[in-house]
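Since every read-out is calculated from the coordinates, none of them should be taken as a lab result. Owing to the predicted nature of the structure, the values given are computational and were not obtained by experimental measurement. Cβ placement follows ideal geometry from the backbone for every residue including glycine, while neighbour counts extend to all protein chains displayed.
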């Protein structure tokens, strides 16, 4: 009798816990789902409040077509965003793999000082040095260029990604290296052939953070990209939402937000464990 | 153990001497990173300090004016208001984030069915950018085409559609709701790593000694999580002090300039009014505040984990 009662209580507890979990999950997912669904309404329906969130008068990609008529269209800022994000990923991976290897495996003058200086830039808000960055970019001829923006984004990624890569290289046992050196591997082949396969989880993590950082960044792009043809998606969408291209079309905003969110959500769902790993590494150290 | 150490130590020393020159190559490996940090961080940092001593318009000559910019800041009541608002926002939003994130962390920390799904759902808003999230919520908060005002009106909760962004209180709390939605999952993961680092035997031992869940939380969970809590606090405070995107995109600093944050004010001075020297001086003030906060919090972090 008592056993049956306690079993009943346990099932009751489980139901209560899972209902809480499901309700909370829905609350967190709702705004995202609401937007993605509403974006597929016909333009006429998009002007109405999104009740219900799904299209009631047929699916349509009209909002995406409308979005494409504002400013330089959808494709150009999307291209800019893709270029900036991919370049940021490539460059920050190359630079931090090299630096991580250097800081982990070599002894040279000023090593500790340089490492501490790079890491401590994370304490200083880049928001407070944007004006001089603007002037520096002008000085070296990268003013108002996507490449200039990439340089800034890569620099902002470095403290985290060099820290990650240094730890990743530190975790590779020295014996492996020594064995490879016996076989006549030099520094470069050592790094490319022997070390890279061993530290690739770290590389995926820093690549993911670099992509999300560059894709989502707003203030630096807003300040540094003054020419409309250089706008990234967040800047172009904010211009649209502020009414810069005439009356605000909320359907187009939903479509744009969907475009902006999708790569982040897809990458996160695919590479979730690398993301959590990165957070944990940051949190534990 | 000792024999291995004894034989390998001289061997390693010999290798290092032989490899003395090769070690310099390390400098080559770190050079690109150092160059980037110097050009795009150290130099601009020095320039901020230098520019803050100048009258520096976008066009035309700039000239040294000493500390005049800093004296002007003392009289700049709108900057102090922005700073006051930023502080108010930081306190409120940090409390709100922790109030939501801590129960979520406790909820997903215990393994049960569907934990993965719950964790992923709570975390999803954290991977989309602040700009995307702000654009999304600016639609949801819109009085005519949005969700909240029309929905409460349709349900008969309000007599007419209320414009949530027209007055300070509803606008401010809407932003808080949006930021909590966006950031709570992130804080949750940080707190979860802290919870997972507590040895389960400790909890079990306390349970056997008859400690209730609340007593266990206060005597074991909280003290053992102090470092994690400090880290989550640093991230939340630093992020909130630098808040800009959501106030720019959703509220444009309004209603009636009441939600201008410190970064927003610096942005206005530097890139709308083009008072670059004055903006640099304001940046220096913000920078000092942030570094001071970081140092205080780092001290909190450095204290050894454990029960005092």
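Below are the figures for this structure:
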{"read-out": "Residue with peak Gaussian network fluctuation, chain B [Cα springs, cutoff 10 Å], from B:297, B:258, B:169", "value": "B:169"}
{"read-out": "Fully extended contour minus Cα-Cα distance, from residue B:258 to residue B:58, at 0.36 nm per residue", "value": "69.2 nm"}
{"read-out": "Residue order, fewest to most beta carbons within 10 Å, for A:249, B:209", "value": "B:209, A:249"}
{"read-out": "Viscosity 0.692 mPa s, temperature 37 °C, Stokes-Einstein D of the stretch A:2-66 from Kirkwood C-alpha radius, µm²/s", "value": "226"}
{"read-out": "Rg/Rh for the stretch A:173-266, where both radii come from Cα atoms and Rh is the Kirkwood radius", "value": "1.30"}
{"read-out": "By average C-beta atoms within 10 angstrom, highest first, the peptides B:56-62, A:7-13, A:21-27", "value": "A:21-27, B:56-62, A:7-13"}
{"read-out": "Other protein chain Cβ atoms within 10 Å, averaged over every residue that makes up A:114-127", "value": "6"}
{"read-out": "Over 18 Å [Cα-Cα, the stretch A:1-117], rounded percent", "value": "76"}
{"read-out": "Within a Gaussian network of chain B (alpha carbon springs, distance under 10 Å), most fluctuating of B:280, B:31, B:232", "value": "B:31"}
{"read-out": "Residue mean of other protein chain beta carbons inside 10 Å, B:242-255", "value": "2"}
{"read-out": "Residue B:68-residue B:151 pseudo-label distance in nm [points 7 Å out on the Cα-to-Cβ vector]", "value": "5.4"}
{"read-out": "Scaled radius of gyration (Cα, divided by 2.2 N^0.38 Å) that chain B gives", "value": "1.33"}
{"read-out": "Percentage relative contact order, chain B, counting C-alpha pairs under 8 Å, at least six apart", "value": "27"}
{"read-out": "MRE, 222 nm, helices only [DSSP H, n ≥ 4, -39500 (n - 2.57), over chain A, to nearest 500]", "value": "-23500 deg cm²/dmol"}
{"read-out": "Computed over the stretch B:89-134, the ratio Rg/Rh where both radii use C-alpha atoms and Rh is Kirkwood", "value": "1.05"}
{"read-out": "Highest to lowest packing among A:203-211, A:238-246, A:30-38, A:177-185, scored as the average C-beta count within 10 Å", "value": "A:203-211, A:30-38, A:238-246, A:177-185"}
{"read-out": "Fewest-first ranking of A:222, A:119, using other Cβ atoms within 10 Å as the exposure measure", "value": "A:119, A:222"}
{"read-out": "Residue of B:275, B:160, B:182 that the Gaussian network model of chain B assigns the largest fluctuation, springs spanning Cα pairs under 10 Å", "value": "B:160"}
{"read-out": "Relative contact order %, the stretch B:139-188, counting alpha carbon pairs below 8 Å whose residues are six or more apart", "value": "24"}
{"read-out": "For the stretch B:51-149, the Rg and Dmax computed from alpha carbons only, in angstrom", "value": "22.6, 67"}
{"read-out": "Isotropically averaged projected area of the stretch A:73-248, using the convex hull of Cα atoms (one quarter of hull area), nm²", "value": "12.1"}
{"read-out": "Relative contact order (%) - criterion: Cα under 8 Å, at least six apart; region: chain A", "value": "27"}
{"read-out": "Shielding by partners, peptide A:258-266 (average Cβ within 10 angstrom, other chains)", "value": "4"}
{"read-out": "Alpha carbon centroid spacing (whole Å) that separates the stretch A:128-162 from the stretch B:113-184", "value": "33"}
{"read-out": "Compactness of the protein assembly as shown as Cα Rg over 2.2 N^0.38 Å, two decimals", "value": "1.06"}
{"read-out": "Kirkwood Rh and Cα Rg combined as Rg over Rh, evaluated for the stretch B:171-308", "value": "1.13"}
{"read-out": "Neighbour-count ranking [beta-carbon atoms within 10 angstrom, fewest first] of A:130, B:106", "value": "B:106, A:130"}
